[in-house]
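Asks: If you scroll down you'll find the structure; I have some questions about it.
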Amino acid sequence: MNARRIIAALFVDLGEGREIKKGDRAGQIRWDRLPRARYECLLCGTSEVPDGRGPGDIARFVASIRTDHACGPLTEQRAA
Ligand SMILES: [Zn+2]
């Protein structure tokens, strides 16, 4: 087993939503509580949040933040 250091934490709140079954908005989601996300880097001490508040913004953020986060110490570690 490899010893791994925890270098970052990604918090995701999936929110609460229900699919609308009937009417003009059928198939869309009605959100009672919107999804949220926050990324905290323990190496550089910063936290990042999505640019927008829509469910799509949150999903993109969660998918890409680990590679998008520009972190000095981590980059140096990778190069070593
Ligand atoms: Zn960082």
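Asks: Can you tell which of Ala9, Ala70, Ala63, Ala26 is surrounded by fewer than 13 Cβ atoms within 10 Å (Cβ to Cβ), within 13 Å of the chain's Cα centre (by Cα) and not in a helix (DSSP H, G or I)?
Replies: Ala9
Asks: Then there is this: List, please: which pairs have Cβ atoms under 8 Å, are six or more places apart or on different chains, and start with a residue in region 1-20 that is at positive phi and end with one that is assigned to a loop (DSSP other than H, G, I, E, B)?
Replies: These pairs meet every condition: Gly15/Leu34; Gly15/Pro35.
Asks: Can you tell me which residue in region 27-62 is farthest from the ligand (Cβ to nearest atom), limited to those that are over 16 Å from Phe11 (Cα atoms) and aliphatic (A, V, I, L, M)?
Replies: Among them, the one singled out is Ile29.
We did not get these values from a lab; they are worked out from the coordinates using the rules stated. Just so we're clear, the structure is a prediction, and the values are computed from it rather than from any experiment. FYI the Cβ positions are ideal-geometry reconstructions off the backbone, even for glycines, and counts take in every protein chain you see.
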